[in-house]
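Beneath this line is the structure, given in structure tokens, with notes to follow.
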Ligand SMILES: Cc1ncc(COP(=O)(O)O)c(C=O)c1O
């Protein structure tokens, strides 16, 4: 077998996409670990951007994929039913509380595609044109999803014109609140004033179909809002007949220590957007919404050739089984707490480390210049990431300025692996001079 080396790859790949973080050529994955073609082992605390929550190549997921692939690879969902899809569609209806339903689901391939579906459904169901998203949010890279996204200008800045009637309200980023850093427990962010100004100055709330929000900002910097944020948003949406869309593409399926992050504050969205952790790495996404909303879609109003692919559905069914039977939501909570506590300990007194925050197993370190008021320091974040990689821990960046190191462990990670990662972060902070 010929193995391509990174210099060969340099000539054949798009630099904006491939191997932005590492030049590792991977042979296989096992649980929390990636193994290179030369046999080196790396602890993968990126999980392919929050996807491989059950670990790499979980034996039950692999068995389900293999068995399904041997029977049927494609059963187009406009044309036939298939057993894996029927089972999954039925299970998805039970993801949100029954009394608030009944719920229905629609399956697609990527996160952005599911976001597009959520917006199409909200507009069709309400007959209203406008959408309000939140500053720092990331919703994907297709046209409509880019228009919603403001996590960083590189995602959207060169691609105007973007679809209109999309407005942005402030997200409560407590560490960056005007007048000084605060924790979510004593947040000074005036996000509600910002939203009500938007309604008074820019768009009438009666013209707004939906508010779309990430319960914890992902690409925008692992920003955990105050506990009052989502419940208040739910009230405001209800007051104006606006739908609430929760984009749980990154936060879903146990990542934050609950099956969905909205559960932390008891909020039920009208539409839940899911992807990433749903199928352990196979491309599958979807929306779960109130059944009454879906009546606004006549036949042909929405669809897609590959959506709800049968092999991806088999992977998703196995993933949901593993999450339940191996207690992965509870493990995310326990290991996430161990990691957060440990990072606060090893980061104590490091003047470049402005904030350590997270929810469950979704944890970020925010780096700032030593002098100045919370001036982002992406160079320091990169130095720490590189030092971690040299010691065989893979993490990735986040945040508008790339000033965050984010740790996204698989939900199967062990206490020993967390301790190993903490030791590596401690040495990386030292080596980078944080
Ligand atoms: C919250 C959120 N929404 C949407 C997306 C887009 O998903 P995809 O890259 O699968 O299109 C992402 C991807 O990172 C995400 O984190």
- Message: Checking the structure you have, find out if any residue of segment 287-297 is within 15 Å of the ligand (Cβ to nearest atom), surrounded by fewer than 24 Cβ atoms within 10 Å (Cβ to Cβ) and modelled with pLDDT of 95 or more.
- Response: no
- Query: Hey, among the residues in segment 266-286 that are away from the ligand (no atom under 16 Å from the Cβ) and in contact with a helix residue (DSSP H, G or I) (Cβ under 6 Å, 6 or more places away or on another chain), which one's farthest from residue 78 (Cα to Cα)?
  - Reply: 267
- Message: Kindly evaluate residue 305 against the criterion of being touching a strand residue (DSSP E or B) at 6+ places or on another chain (Cβ under 7 Å) and farther than 20 Å from residue 181 by Cβ.
- Response: no
- Query: Restricting attention to segment 187-208, does a residue exist that is under 20 Å from residue 262 (Cα atoms) and either assigned to a strand (DSSP E or B) or within 16 Å of the ligand (Cβ to nearest atom) (or both)?
  - Reply: no
- Kindly indicate which of 336, 342, 307, 303 is surrounded by fewer than 22 Cβ atoms within 10 Å (Cβ to Cβ) and out of contact with any helix residue (DSSP H, G or I) (no Cβ under 7 Å at 6 or more places or on another chain). 303
- Residue that is touching a strand residue (DSSP E or B) at 6+ places or on another chain (Cβ under 9 Å), within 28 Å of residue 30 (Cα to Cα) and not assigned by TED's automatic domain parsing to the domain that holds residue 127, where the choices are 314, 275, 332, 279: 332
- Message: Looking at segment 141-157 only, could you name the residues that are in contact with a helix residue (DSSP H, G or I) (Cβ under 6 Å, 6 or more places away or on another chain), within 25 Å of residue 291 (Cβ to Cβ) and within 11 Å of the ligand (Cβ to nearest atom)?
- Response: 145
- Query: Which condition breaks for residue 51 when tested against (1) out of contact with any helix residue (DSSP H, G or I) (no Cβ under 6 Å at 6 or more places or on another chain); (2) under 25 Å from residue 415 (Cα atoms); (3) within 16 Å of the ligand (Cβ to nearest atom)?
  - Reply: (1)
- Go through segment 66-89 and give me each residue that's under 22 Å from residue 299 (Cα atoms) and either outside any helix (DSSP H, G or I) or in contact with a strand residue (DSSP E or B) (Cβ under 9 Å, 6 or more places away or on another chain) (or both). 74, 75, 76, 77, 78, 79, 80, 81, 82, 85, 88, 89
- Among the residues of segment 99-108, is any within 10 Å of the ligand (Cβ to nearest atom) and outside any helix (DSSP H, G or I)? yes
- What pairs can you find where one residue is in segment 134-145 and in the same structural domain as residue 224 (by TED's automatic domain parsing), the other is assigned to a strand (DSSP E or B) and more than 7 Å from the ligand (Cβ to nearest atom), and their Cβ atoms are less than 6 Å apart, with a gap of 6+ or different chains? 134/169; 134/213; 135/168; 136/217
- Among residues of segment 209-230, those that are away from the ligand (no atom under 16 Å from the Cβ) and in a loop (DSSP other than H, G, I, E, B), counted: 3
- Message: What's the total number of residues in segment 143-162 that are surrounded by fewer than 15 Cβ atoms within 10 Å (Cβ to Cβ) and in a loop (DSSP other than H, G, I, E, B)?
- Response: 6
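The values are calculated or read from the model by the stated rules, or taken from the named source; none is laboratory data. Quick caveat: nothing in here was measured; it's all calculated off a predicted structure. So basically every Cβ, Gly included, is an ideal-geometry build from the backbone, and we count neighbours across all protein chains shown.
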